[in-house]
Amino acid sequence: MFNLPLWLIPVLPLAGAAWNGLWGKRYTERAVAAIAVGAVALSFLLSVLAFAGLGGEPRIESYGAWIAAASFQANFNFYLDPLSSVMTLVVTGVGLLIHIYAAGYMTREGGYYRFFAYMNLFVFFMLTLVLAGNYLLLFVGWEGVGLCSYLLIGFYFRKNDAADAGKKAFLVNRIGDFGILIALILLYWTFDSLNFSQILPRAAELPVESDAVGPLTLICLLILMGATGKSAQVPLYVWLPDAMLGPTPVSALIHAATMVTAGVYIIARSGPLYVHAPDAMFAVALVGGVTALYAATIGVVQNDIKRVLAYSTISQIGYMVMACGVAAFSAAIFHLVTHAFFKALLFLGAGSVIHALGGEQDIRKMGGLRRSMPRTYWTFLAACLALSAVWPFSGFFSKDEILWEAYSSPYGGVGLWLLGLLTAGISSFYIFRLFLLTFYGLPKTAADAAPEPAGLEAAHSAYHLHESPPIMTWPLILLGMLSLAGGWMGSPFLFGGSDPWSRFIAPAFQLAVIPGEGAPAHSAQTEHLLMACSLLVSFAGLFLALLLYRWRPALADVLQARFRGAYQVVLNKYFVDEFYRFLFVRPLVIGSSEFLWKGMDMVAIDGTIHRAARRTGRVGDTLRRMQSGNVRSYAGWMVLGAVLLIGFLVMWTV
Amino acid sequence: MSALLNCVLFLPAAGTAVILFLPRRRPAAIRALAVTVSLATLALSVALPFGFVPGTAAMQFVTDRSWMDSPAIRYHVGVDGISLFLVLLTAFLTVLSVLISWRSVEEHVKEFFFFLLLLETGTIGVFVAVDLFLFYVFWEVTLVPMYFLIGIWGHERRVYAAVKFFLFTVVGSLLMLVAIIWLYNLFGTFDSERILQALASGAHTLTFLQQFWLFLAFFAAFAIKVPLFPLHTWLPDAHVEAPTAGSVMLAGVLLKMGAYGLLRFCLPLFPDAAHALATPIIVLALVGIIYGSLVAMVQPDLKKLIAYSSVAHLGLVVLGIFSFNQLAVEGAVYQMLNHGVSTGALFLLVGMIYERLHSRQISDMGGLATPAPVLATLFLITTLSSIGLPLLNNFVGEFLILLGVQQERTLYTALAATGVVLSAAYMLWMYQRVFLGEASERNQTFPDLDRRERGILLAAVALMLLMGVRSPFFLRRMDASTAALLDRAGLRETRVERVVPSEVAPASGRFIEPPGRRPYIGTTEVVP
């Protein structure tokens, strides 16, 4: 029973998408949700079976040729190893919970069938991405998830800013895809194949390109370019914050748990290439580390609950990318998994809050939701602790492993470790700022609205604050448990764990070890020290958040006023969007319109042609006058013609 | 078997003859006849690829008879892997053009369908003619019906556009005629197969200078038709003013005649000249890709936007052809088909919007997805096909072209691939302005597609999907012909020795095969 064909896993959601897309309009919301959730549930079940049947060797299935011309051939083939198996479990597992949640969340929104058709289509493409057995098929999933992201960000397409955000996401991703496309082509001409099963072992036999920039370095940098697009890393991260205009379950599934981690996946998948290209590795680590810190700083001052989470996602993926950059692929994927749990939970919790507040997203206008939304409160707290990497929550184990690797790996160093450590502190600060402003204090809008300071109870009744229905809270609770306990599968030896995670995932990365380097020497003492540092920093961030937003709220305003300039810069996201618009978008549009179209096409080319036409016309007009109808002038022309003709003949014969 | 191709070629012409005898006051009968004839032609041409033997480069379904003794003009027709699917594409798009004109053409119905069917015969003739004079005849036959389609059933500035179209094209084709006659004087035959044989056997040779001028004369005709930058300015005007069916045929198949001519005649007949001029032509093609995309981005007129996107797409095709690499050439042929289907469908969609709004200005649209979800969905799929989303048709062609070109020059690939980003930019921006946002008061009652329109578009969308996932069916039939074409042009050998050693080998070179081992061209072995 473990040998059901792999293609069933992605095809089930595709069938669900097709059914709901074509006929969903005719059925009730309940039926639509049942099909969508059922498709993902079955797919999850099959993923579990495939996981259980996983042997030592990767399982490869081929379903025939997709593109075959001359000497080139690319097949539809799937490749199941521990890495892709984990990814399918995350995509279908977390995807299933989010689908269930969305079945409740989306009821008031309209376009129910359309929403679930897109969601299932997304799951199909994401599964294709992670199961693909060659880079070209991976690219199918890669582009496909981008499409679904476009469709779902722009789900409320009547709102112009949502449509803008969708388009921006697609375009920025396309810039990255340009890199992937060139990388694919270079891969083919370097390895004569696009299959993982052929490329990866051969890459592992290559010497390390430590002196010269060779094809591997180029390929790896181009893949990194694609990853910065899809995974929202510097400099192509700008689309993700805007993507929050999509429905909240979409943010949870696509823009937190799964799609945005595709960049990490492709780098990890290409691990054997990367470890032979140290320059590219350094670039990866740097991009990851810088993004982690940079995005975290922006997250500190944002006031939209989903935007804070978006910057947090960018920052956390930065961690994963940094881990890849120090060849800690196992740690990167571990963090990918735990992050999928707690970040999906954070988004769904935020959705629950937004739901209760009738669409309000500004955390300055929230507050005091602790009592009225206990399930959301407790699960959200678990996720915040996991994000802050507090022991024993899941984020602690994965983040700690990344920090340790950043410190100890031959490609790492103290600098990267410090970047990661600083980010950890800031992360802990911004997430508890969010948490405290949302769940503690008084409901702000209610307090403002009431003529005299109203009590908590009054505010609650005024706003009909309520906990979300069970269909939404159960996924929260399950994700909460995973956020709490999910890290123990990677519990390191230090805690007496056997680290089943590393043992399980290791075969996927056995080719992706740095040649000539053994495993970094594990000094338990150093590791304990670093761990203590990161815990300390996490608590420092937590403490600072409590100080500023719970114990001394006035202090936050004072600080804000004191560092007004810096605050404004960070609040406006370092003006990067404006910078891009000024530098790229406007010159392109204006140049194309004024110079290329109106200048070149209309004036230079058509102008020349029209002038030639007019001149031809004028010549004809002049010649026309020869036929004046005047007999004497005809005689004159005849004489002239005869003279010329005779003259010509005489000249010719002489 | 040869009867099949002759039927495909002359059935539409026979249809025009019948239409002449149908009474003008019965438009329904004329329409019914047009649709029957075009469907029958399509049905016959669908049989072509199934009767076609892959693996051989020889012309198939051949008829080779003398037409005139002096000058020796032959009725020599046939298809190979390059022209096979272009015939099919023509038949397919003619059916769609007939159906889309069902209601939109109310006046001069008889003449309209007469010209449309005549255009079909002319276009198919261009793709199947082997004799150069025959080719020229069909080439000019396409010009006349298109001139009238634009000039009579077009929009406001139709006369200007029709004349511009006619003059541009005729300048090029007259130069080609001169070259054809010159070739006849040199070889004593118009038959391109016989000329190629004479060249191959060494019975005749062309000096480089002869090749150079002959190449340029042919190239002028084809480059205008493609159109290659900077000869493209007739295209936006012709498209904007043409009726929907005219735009579909123009973009779908007439432009392909240019690219096809380059591949069929310019490369094998004048290989040295092609080689010498490849770099400037590639530069023009690259300029076309980027320039066409950028200018498309800022068009306020929907039809013009798509017209400029054609300049970009065809630039990629020309790039593929002049890279002299088999993968790129196959990609280019595939891309001709893809562009025909996708851009054809885009013009159909724009036509449907125009029928409802009586405007082509993007600013008059907006929010159309709300009143017309089916139209919006089909438009989106076509848009995605056009910007090269994998699993849809264009991706396959674009990828193969880029893959093949890369073997020649990395820079070319990188520049051409910017088209990937730019096409997404102009198409999605356009889509947003047309379909997303809030619909204006006037557009609230915008009617969605009816059953006929849905059927037309579903056929196109089905083909996009089919060509996106089942490409080997098409590509495998092109292998032998494209290989032979590059072989005959003597272009393959030059490539191999030129490229292998330095460009791909990494510093180590450990797993890179020695030169010559890699099956560059022609082998069809299956790589697992």
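Some observations on this one:
- If R0 is 35 Å, the Cβ-Cβ spacing of A:T107 and A:Y440 corresponds to a FRET efficiency of close to 0.75.
- Lys/Arg +1, Asp/Glu -1 at C-beta; the protein assembly as shown dipole; positive extreme among B:G246, A:V91, A:S251: B:G246
- Looking at the stretch B:29-138, the GluC sites (Glu not before Pro) that sit in a DSSP loop and have at most 14 other Cβ atoms within 10 Å of their own Cβ are B:E106, B:E107.
- q = 0.04, 0.05, 0.07 Å⁻¹, the protein assembly as shown: log10 I(q)/I(0) [Debye, one scatterer per Cα]: -0.25, -0.38, -0.71
- Alpha-carbon gyration tensor eigenvalues x 5, square-rooted, for the stretch B:144-253, Å: 35, 13, 11
- Evaluating 6.51 cos²θ - 1.76 cosθ + 1.60 at θ = phi - 60° for every residue in the stretch A:591-597, the Karplus couplings come out as x, 5, 6, 7, 8, 6, 6 Hz, glycine and proline recorded as x.
- The charge dipole of chain B, taken about the Cα centre with unit charges on the Cβ atoms of Lys, Arg (+1) and Asp, Glu (-1), comes to about 500 debye, rounded to the nearest 20.
- Three-way shape label, the stretch B:37-150, alpha-carbon gyration tensor, a/c 1.5: oblate
- Every helix of 4 or more DSSP H residues in chain B counts as -39500 (n - 2.57), and over all residues that averages to -23500 deg cm²/dmol at 222 nm.
- Amide H contacts under 5 Å for B:I73: B:W67, B:M68, restricted to partners 5 or more places along the chain or on a different chain, H placed in the peptide plane at 1.01 Å from N.
- Segment A:D161-A:E594, length gained on full extension (0.36 nm per residue, minus Cα span): 153.2 nm
- Of the chymotrypsin sites (Phe, Trp or Tyr not before Pro) in the stretch A:549-654, those whose Cβ has at most 15 other Cβ within 10 Å and which sit in DSSP loop: A:F563
- As a length-normalised measure over Cα pairs under 8 Å and 6 or more apart, the relative contact order of chain B settles at 15 percent.
- Rounded to whole Å, the principal axis extents of the Cα atoms in the stretch B:299-442 read 54, 23, 22, largest first.
- Scalar couplings 3J(HN,Hα) for the stretch B:143-154, obtained by applying the Karplus form with A = 6.51, B = -1.76, C = 1.60 to θ = phi - 60°, are 5, 5, x, 5, 4, 6, 4, 6, x, 9, 9, x Hz; x denotes Gly and Pro.
- Pairwise label distance in nanometres, B:E107 with A:T608, each label 7 Å out on the Cα-Cβ vector: 3.7 nm
- Computed from the C-alpha gyration tensor, the three semi-axes of the ellipsoid equivalent to chain A are 55, 34, 27 Å, from longest to shortest.
- Charge tally around A:H339: other residues with Cβ under 14 Å, Lys/Arg +1 each, Asp/Glu -1 each, net 0.
- Förster-model FRET efficiency, 22 Å R0, A:A212 and B:A414, C-beta, rounded to 0.05: 0.60
- Only Cα pairs under 8 Å and 6+ residues apart enter the sum, and on that basis the relative contact order of chain A stands at 12 percent.
- A Förster radius of 45 Å, combined with the Cβ-Cβ distance separating B:H204 from A:V643, puts the computed FRET efficiency at roughly 0.50.
- J(HN,Hα) series, the stretch A:470-479, from Karplus relation 6.51 cos²θ - 1.76 cosθ + 1.60, nearest Hz, glycine and proline x: x, 4, 8, 7, 4, x, 4, 5, 4, 5
- The equivalent ellipsoid that matches the C-alpha gyration tensor of chain B spans semi-axes of 36, 29, 21 angstrom, in descending order.
- Cut-off under 5 Å, modelled amide H: who pairs with A:Q73 long-range: none
- Contact order for the stretch A:77-206, expressed relative to its length and based on alpha carbon pairs under 8 Å spaced 6+ residues apart, stands at 21 percent.
- Helix-only mean residue ellipticity at 222 nm for chain A, each DSSP H run of n ≥ 4 adding -39500 (n - 2.57), per residue, nearest 500: -22000 deg cm²/dmol
- Scaled against 2.2 N^0.38 Å for its residue count N, the alpha carbon radius of gyration of the stretch A:577-653 is 2.34.
- Relative compactness, the stretch A:547-604, computed as alpha-carbon Rg over 2.2 N^0.38 Å: 2.13
Throughout, read-outs are computed from the coordinates displayed, never taken from laboratory work. It should be emphasised that the depicted structure is a prediction, and the values quoted were computed from it without experimental measurement. All Cβ positions, glycine included, derive from the backbone under ideal geometry; neighbour counts span all protein chains shown.
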